[in-house]
1. How large is ³J(HN,Hα), in whole Hz, for each residue of region 170-176 in order, when computed from phi with the Karplus curve 6.51 cos²θ - 1.76 cosθ + 1.60 and θ = phi - 60°, using x for Gly and Pro?
2. Taking K and R as +1 and D and E as -1, what net charge do the other residues with C-beta under 10 Å from the C-beta of Cys46 add up to?
3. Can you list the residues, at least 5 places off or on another chain, whose amide H is less than 5 Å from the amide H of Arg257, using H built in the peptide plane?
4. Quickly work out the Thr251-to-Asn44 label distance, labels modelled 7 Å from Cα along the C-beta direction, and quote it in nm with one decimal.
5. So, taking all protein chains as they sit and a 1.4 Å probe, how much accessible area belongs to Trp118, in Å² rounded to tens?
6. In deg cm²/dmol, rounded to 500, what helix-only [θ] at 222 nm does the chain give when every DSSP H run of at least 4 residues adds -39500 (n - 2.57) and the total is split over its residues?
7. For Asp69 and Arg117, calculate 0.36 nm times their separation in residues minus their Cα-Cα distance, and state this gained length in nm to one decimal.
8. Kindly write out, for region 32-40 in residue order, the coupling ³J(HN,Hα) from the Karplus curve 6.51 cos²θ - 1.76 cosθ + 1.60 (θ = phi - 60°), rounded to whole Hz, with x marking Gly and Pro.
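The values are calculated or read from the model by the stated rules, or taken from the named source; none is laboratory data. Predicted, not measured: the structure shown is a model, and the values here were computed from it. Glycine gets a Cβ as well: all are built from the backbone with ideal geometry, and neighbour counts include every protein chain shown. All accessible areas refer to the heavy atoms of the entire protein, side chains included, with ligands and DNA or RNA removed. Shrake-Rupley method; radii C 1.70, N 1.55, O 1.52, S 1.80 Å.
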Amino acid sequence: MTTTPARHSLVVERLAVGYRDRLVFESLDLLVPPGRITAIVGANACGKSTLLRSMSRLLKPRGGQVLLDGAAVHRLPAKELARTMGLLPQAPIAPEGITVAELVGRGRHPHQGMFTRWSREDDAAVAAALDATGTVDLADRPVDELSGGQRQRVWIAMALAQQTDILLLDEPTTFLDVSHQVEVLDLLTDLNHDRGTTVVMVLHDLNLAARYADHLIALADGRLHAAGPPYEVLTEDMVRAVFGIGSRIITDPVSGRPLMLPMGRHGANGDSP
């Protein structure tokens, strides 16, 4: 299927943002390639989630701005932004007693006006999201009775039901076993290929990031360390600078993408021969 041309641009300009008296970023600039899959990587506490929260306007900048099609996201009406950009945050909390179908249905709220009733289009969007995430059989179950992996897939279904052109996901593979990690990332790849959805996700697994992303953003010490295609960004120098460990980078025999082999203290010291 032909990819739909991307319609929206997302740009970070001189972003300064933080919490209380601590700045995470002082002047961050980056561009999210429209219509592509971008993975944000970096060590713990480097600002990956902070960046995603700023992009979605959950966190107000102290300086600079995040621009959606040239307009600052913090000045856009909330409902207008939600029709264009969807967010799956870390550890979202569902209302007590809500069922899976009800939670996924909340993804349709941005598409409803004050006098708009639930439509067949809404039903179809929810059904498609449940089917895509393998959660149809869970539709009538309370979310708080599900396992961590099941809940994660349900939250992803809600984000898909929103049907936005830009989708931000903070660690979407958290709580998932390896088979469901691959299923979710395959699903996001299909969404990108079939609908041209711009996907931006935080991932801890460097090798999954390199396999599935078109564009990598590596953060370190409150700054952009590197950005570009995986074969340019995922290097031994980057792994050492960003994560503080030695590694070897080889070609993944399955995907043809770069594959990182970490070097620990036992069996290898990480130094080049």
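1. Once θ is set to phi - 60°, the couplings for region 170-176 become 9, 6, x, 9, 4, 6, 9 Hz.
2. +1
3. Amide H to amide H, under 5 Å and 5 or more residues apart or across chains, Arg257 pairs with Asp252.
4. Taking the simple label geometry, Asn44 and Thr251 are separated by 3.6 nm.
5. In the full protein context, Trp118 sits at about 110 Å².
6. When only DSSP H runs of four or more count, the value is -9000 deg cm²/dmol.
7. 14.3 nm
8. 8, x, x, x, 10, 9, 10, 10, 9
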